[in-house]
Amino acid sequence: MNCPAMSASASSSRSYSTFRPRPLLPQTSHDSQRSVLQYSRSPSEVFATSPLRLLGKHSLPLRAVVTSKSISSSSAVVSGDEKIGVLLLNLGGPETLDDVQPFLFNLFADPDIIRLPPLFQFLQKPLAQFISVARAPKSKEGYASIGGGSPLRHITDAQAEELSKCLSEKNVPAKVYVGMRYWHPFTEEAIEQIKTDGITKLVVLPLYPQFSISTSGSSLRLLERIFREDEYLVNMQHTVIPSWYQREGYIKAMANLIQNELGKFDFPSQVVIFFSAHGVPLAYVEEAGDPYKAEMEECVDLIMEELDKRSITNAYTLAYQSRVGPVEWLKPYTEEAITELGKKGVENLLAVPISFVSEHIETLEEIDVEYKELALKSGIKNWGRVPALGTEPLFISDLADAVVESLPYVGAMAVSNLEARQSLVPLGSVEELLATYDSQRRELPAPVTMWEWGWTRSAETWNGRAAMLAVLALLVLEVTTGKGFLHQWGILPSS
């Protein structure tokens, strides 16, 4: 694969880099031509009657700045005795149907996914076992429908291989490693290989364009624990690129895919562009200060502005998919938004999986099967879906540029609060990044809150807490007595 380079004129006309402040985005000349679909209001107000853009501008408190050291060339930041490594972080996925239940166990055993009060933390693994066994049959059906397992590992391995080649073309020889959070190759396995290879400089690159507590945050907290327990890692210089949704190559690659898929419709200008992002619990954003929603909205804004430049002014909207559990998640929900579009007479819909760079269960089954079926039942006649980026050359080249640009700052980061438009999460070491982020937010809530005293704003949350309290009571009873249906089913070991 050849690594395409951004033209000088293109790169100088707009700053998309993760590492530099960016001014507030100007309104484009096409704003008045675009119908904007808003779902933050009641369903009857789906179609905005005024020429407003989908997204407003955000003023967020957490900012970061890197040292003023300039990047002159890649050779200036790589010496002959250094060994450069890049660690790609991703979620992971079961490769066979037999992997589904243990994969789910690893997922729900993560305290960042289900957080128990200190008094009940000893039930973390029994609860994870209970949920994973209960959910496994339906999850297996989904994975069976896409070939019997997730393609995520194979795609991520291919991305790592292409990234390594592209870095070599940019005169930065580097080994690229893959570390999954909940399945093989686990992050711990990748770290052991990094140590074996004697890497001296490490760039940590989560394959999530936008930062969230539940994705990049969980992986970085695992890395933090690993680093603190290993003398070799403590002394190894490293840096983290926590989010990169605003990079020029990524934005242009997404716009290219959208433009290509629009061309497959009979009437491209009549197609509604439907951005579907993975959801997160609302409490993450409103109570914990997770920047995910703001970064997602700005990402959509940047992509639409790039399409504006190409005279593509389609109506568009953003919704959130994959919610689980009884608590409230970011809205609008994808399934509700699709149904409402059908009621409003939309006939052409192009789904864009905006938070995913690889095909997996949420694109191949949830979007391609469930949401497509829902759309057709809702009256939408023509359905299309933009593929995930995968190993798209412009995207891989841009990731390589991000790595090269980060090398001068490995081990030499300066983090501060600035009122500047750039990544909402600081570029820096794992410990420094998390410390800075933690100082800007309250204690992290869990996607499924087990219990919390006091009044809440949502009856939905109360119902969820009551249900989860009942599950806790059941588990306590079974663990203390050693009897019950969980023991009979083999979910808990018999004494």
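The values are calculated or read from the model by the stated rules, or taken from the named source; none is laboratory data. Everything numeric here is computed off the predicted structure, so don't read it as measured data. Every residue, glycine as well, gets a Cβ built from its backbone with ideal geometry; the counts of neighbours run over all protein chains shown. Each accessible area value is taken on the protein alone, full model and side chains, heavy atoms only, with ligands, DNA and RNA left out. Shrake-Rupley method; radii C 1.70, N 1.55, O 1.52, S 1.80 Å.
Under unit Cβ charges (Lys, Arg +1; Asp, Glu -1), what dipole magnitude, rounded to 20 debye, does the range 248-385 have relative to its Cα centre?
Details: 13 positive and 25 negative charges, 118 e Å.
Using only the charged Cβ atoms, the result is roughly 560 debye.
At 1.4 Å probe size, with the rest of the protein present, what percent of the exposed accessible area of the range 295-345 is carbon and sulfur atoms?
Its accessible area is 45 percent carbon and sulfur atoms.
Is the shape of the range 248-385 best called rounded, prolate or oblate, per the rule: a/c under 1.5 gives rounded, else a/b larger than b/c gives prolate, else oblate, with a ≥ b ≥ c the square roots of the Cα gyration tensor eigenvalues? Display every interim value, and only then the final one.
Working: a/c = 1.78, a/b = 1.19, b/c = 1.49.
Oblate, because a/c is 1.5 or more while a/b does not exceed b/c.
Compute the length gained on full extension between THR196 and GLU141: take 0.36 nm times their separation in residues and subtract their Cα-Cα distance, giving the result in nm to one decimal.
That pair, THR196 and GLU141, stretches by 15.9 nm at full extension.
Say the cut-off is 19 Å between C-alpha atoms; which of LYS343/LYS381; LYS83/LYS195; LYS201/LYS252 go over it? The partial results should precede the final answer.
Values: LYS343/LYS381 12 Å; LYS83/LYS195 11 Å; LYS201/LYS252 29 Å.
Cα-Cα > 19 Å for LYS201/LYS252; rest within.
How about LYS293: which aspartates and glutamates have a C-alpha closer than 16 Å to its C-alpha, ignoring those fewer than 8 places off in the same chain?
ASP301, GLU328
Keeping the other protein chains in place, figure out the carbon and sulfur percent of the accessible area of the range 181-251, with a 1.4 Å probe.
The computed percentage sits at 49.
Apply 1/(1 + (r/R0)^6) to the Cβ-Cβ distance of ASN235 and ALA158, taking R0 = 25 Å, and write down the FRET efficiency to the nearest 0.05.
0.20
Based on the Cβ-Cβ distance of ASN260 and LYS309, what FRET efficiency does E = 1/(1 + (r/R0)^6) give at R0 = 22 Å, to the nearest 0.05?
Details: r = 16 Å, r/R0 = 0.73.
Here the calculated transfer efficiency is 0.85.
If amide H atoms are built 1.01 Å from N in the plane of the peptide, which residues on other chains or at least 5 residues away come under 5 Å of the amide H of TYR316?
LEU37, ILE273
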